[in-house]
Each structure stands twice: as structure tokens, then as C-alpha cells.
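Have a look at the structure below before the remarks.
What follows is calculated from the coordinates using simple rules that are stated; it is not laboratory data. Keep in mind the model is a prediction, meaning the values are calculated, not measured. For neighbour counting, all protein chains shown are included, and Cβ atoms are generated from backbone atoms with ideal geometry for every residue, glycine included.
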Amino acid sequence: MLSANVQAYTIKHIYEVNLPVISQEKQIRGAAFEQGLIEVSVRISGNSLAPTQIDLKKATRMVRQYRYKAMTEPEIESYMKKTGALIAPRFKLWMQFDGAKVKQLLRDNGLPIWGYQRPNVLVWLAVKDGRNRYLLKNSDVSQIKDAVTNEAKQRGLPVIWPEYDRQDEQVVKFIDIWGEFWEPIKQASKRYPVDAIVLGRMNWSNGSWTVNWSLLMEDQTQSWKLSALDLDVLMSSGVGVATDHISSRFAVFSDSANDGELLLRVSDLDSVSRYAKASHYLSSLAPVKNVYATEVGRSQVDFHIELSGDESDLKRIIALGKVLVPDNRPDIQPENQTDITDTAASESAELSPENQPESTQQTTDETQNEPLGEKTNSLLPVVLPKILKYRLNG
């Protein structure tokens, strides 16, 4: 991680899409729903190929609600100029997809789920457009920058542009970005709350743009090269490849063979608001199917978690967010509080076969055919979930 205090960004409105449409006719609306499902499936899975693996005809059943809004003349003119469309749109169609249905559709087709927690990405983009050369910074107004930002927003990837003020200029130069000299780049990036760096070296030559892209994340680099005449296509492709690489690290595949459950003990929850923050955060994580509190103390809560995936997925994504950090302090229990393991063992010992609940009695076709006097009941051992210990950061 580049910054010790960084926390992952929480994407909002992740299941919502706005699209311009020419009318409110059912056929047009259905086509817009399919286009919306394409965008949402890519955003939720983190995989740009997701739309090719799902049935887009199910889009209408995936939409929870929708509404129209008339477009203004300036909006229509801007859209026509930007896209070169031959027919002017009249409305913006806002649609919200059902999150549970979309995730189930992705799982059914073997696609991963990328949760609300996303890594912040810093973009260093060096441009040579003939005689000029420059680094794009946060305060710049640029078609190139807008194309990157818009595509990142559509993919659900939070990007940050460098200030490139005096502090940055003292550490990193244009030649460092162009030459891909990572040491000064990493040094300059430490001031920003990011988990990954995207490096772009963009050059205009022979009537076309070429960009050499690199991604640095967790001390590993990925590189790729793209060329195109259209800036929007070039930037969206670059951001798309970067997002595919990043999501492959944090998106979670559903694997029933690895599904499990565990207890996650969170400390330093000394107020209702801090408890709510921890509970909401855990429920938003991609590997978590279900979460509820099993024991609440003065400043410590045990959460029972049902996982889709394995424990390593959960640990990796928690490490990304930094909302929770590992707690290696010894447990402190009041003298009058009985340890949960002692209680469970005591209750198990006191249960007689006659008083066992039906859920602990396993019945098969063979035992149903046995004489009544020959039936036996065996007490199953109590298996307690594994406990992970964290504390709320900050």
C-alpha cells in the first residue's frame, strides 16, 4: 500500500444507470434496459467481458424502478456534438437494477462479484502532442482527462489526479513519468490516499495517438499499449484494462465448496454509531452473504459471518478498506462473563438424547426401517466457528 492511512472508496449508486433515449416507447425502453444491464454487469463483476456471458433478455426483470426526465436543449446539443448521433434524444431514462438479482445472475454464469469497497487509483498521465509536453493535473480542464474520469466513473473505479504543485514538482518530473522511473513516482504518490497507480505515456505521432499504460499495485506492475484516433475510445480502453486488472485482485467468485462461516470480533465499538459503521461495512463486503451480531459487550461485538468464498478473500478485502485493522491485543472479559466456548460445552454435556432438538437428529431411509428398540442417538460435537479479531480503525 502506498499510503499508511488510505481507506478504500465506497462506490455509491452502483446499480443505477442514466441513458438518453429518443422516446418512451416500450421497445426503446427495453433496449435501454439491456444497455443498462451491460453497464451494471461490468461494474459489479469488474469484468469487461461480463455482458458476453449473461442473457441480456433478462434485463427487464432485473430493473427495480425507472423514470424519465426531459433533456434540455443544451444537453441535447452537447450529446449530438459529442456522439455524432443522427437522431436527437428527448429524455434521460434513469433506471435502478435489483442488486440481489444482478449478483445472482452473475454467479449463475460463473462471474465474480466486486463489492462497494474499491481502491483509490492515482493517475499520472504524461502527454506529448507534437511540440507540447505536459503532465495532466487535478486543476486542468482537458478532453483527455474528462475521458479518463468518465470511463472510470462508469466502471466504478475511483480515480485521483495529482495536484502537481511545487511539492510534487520537487520530487517527480515529466521525464520520470515518460521514462517509467518508479522510485520518484512512488515517493510523490505517498501524499495521496491511494492503493494503486496508473501511469500513462501518451504520444501523438503519424496521425494517431498511442498510449503506453502501466499499473502498479501491491508492488507488482502490469503494462499494455493501445493506439487509436478517437481520444474517448483510447482513454476508455486504457481505463477498462486497468479496471480489469484491479478487479481481478478484489472481486470474489462464488464457490460453494469453499463457502463457510466464522466469527469476527470487532473491538473499540464504544458507541452506537461505531457499531453501526462496523456492521454496515461488513455487510457491504463482496464475500459476505449474511452477517449478524451474536454477542455484544461494552465495546466489543462478535459478528457471525456467512461467506461466499473463503477466509482469504475476506481478509484481503478488509485489508484494502482499512476500516478494520487486525487486533492482536489480549481479550479482556468481565469476571462475571462466561466464555462462549465454556457455555457451549456445558450445554452440550447436559443434553440427553431424549431432549435433543430435531435438527441434531439425522434420519435416513435405513434408520426409518429399524425396529424402534434398535434406534440409537449420538450427540454431535459442538463445532465453533473460527474467530478473527479486528478493531475499528480511527
Report task. Would you mind pulling out the separation of the Cα centroids of the stretch 156-183 and the stretch 41-115, in Å? Result -> 34 Å
Report summary line: Residues whose modelled amide H sits under 5 Å from the amide H of Gln300, counting only those 5 or more places away in sequence or on another chain, are Leu269
Report task. Would you mind computing, in nm to one decimal, how far apart the modelled labels at Ser283 and Gln24 are, each placed 7 Å from Cα along Cα→Cβ? Result -> 3.5 nm
**Report entry** Rough spin-label spacing in nm, given labels placed 7 Å along Cα→Cβ, for Lys57 and Glu34
**Finding:** 1.0 nm
**Report entry** Estimated vicinal HN-Hα couplings, Hz - the stretch 115-120 in sequence order (Karplus 6.51, -1.76, 1.60; Gly, Pro = x)
**Finding:** x, 5, 7, 10, x, 5
Report task. Assign one of three labels to the stretch 1-105, namely rounded, prolate or oblate, based on the Cα gyration tensor with a ≥ b ≥ c the square roots of its eigenvalues; rounded applies when a/c is under 1.5, prolate when it is not and a/b is larger than b/c, and oblate otherwise. Result -> oblate
Report task. For an R0 of 30 angstrom, estimate the FRET efficiency from the Cβ-Cβ distance between Glu218 and Asp140 and round to the nearest 0.05. Result -> 0.55
**Report entry** Contact order relative to length of the stretch 126-264, as percent, for alpha carbon pairs under 8 angstrom and 6 or more apart
**Finding:** 23 percent
Requested in this report: Would you please give the FRET efficiency between Lys81 and Tyr292, computed as 1/(1 + (r/R0)^6) with r the Cβ-Cβ distance and R0 = 45 Å, to the nearest 0.05?
Outcome: 0.30
Report summary line: Rounded to 0.05, the calculated FRET efficiency for the beta carbons of Ser312 and Arg166 at R₀ = 41 Å is 0.45
Report task. Give the dimensionless ratio obtained when the Cα radius of gyration of the stretch 204-269 is divided by 2.2 N^0.38 Å. Result -> 1.79
Query raised in the report: Shape call for the stretch 119-250 from the C-alpha gyration tensor, a ≥ b ≥ c root eigenvalues: rounded (a/c under 1.5), prolate (a/b greater than b/c) or oblate?
Result: rounded
Requested in this report: Just subtract the alpha-carbon distance of Thr149 and Ala70 from 0.36 nm times their residue separation and send over the number in nm, one decimal.
Outcome: 25.9 nm
Report summary line: Listed by chain and number, the residues whose amide H is under 5 Å from that of Leu324, excluding neighbours fewer than 5 places away on the same chain and using placed H, are Asn393
Query raised in the report: Using the Cα gyration tensor of the stretch 279-330, with a ≥ b ≥ c the square roots of its eigenvalues, what is the shape: rounded (a/c below 1.5), prolate (a/b larger than b/c) or oblate (neither)?
Result: oblate
Report summary line: In whole Hz, the Karplus estimates of ³J(HN,Hα) for the stretch 195-207 (6.51, -1.76, 1.60; θ = phi - 60°; x where Gly or Pro) are 10, 8, 10, 10, 10, x, 10, 10, 9, 9, 8, 6, x
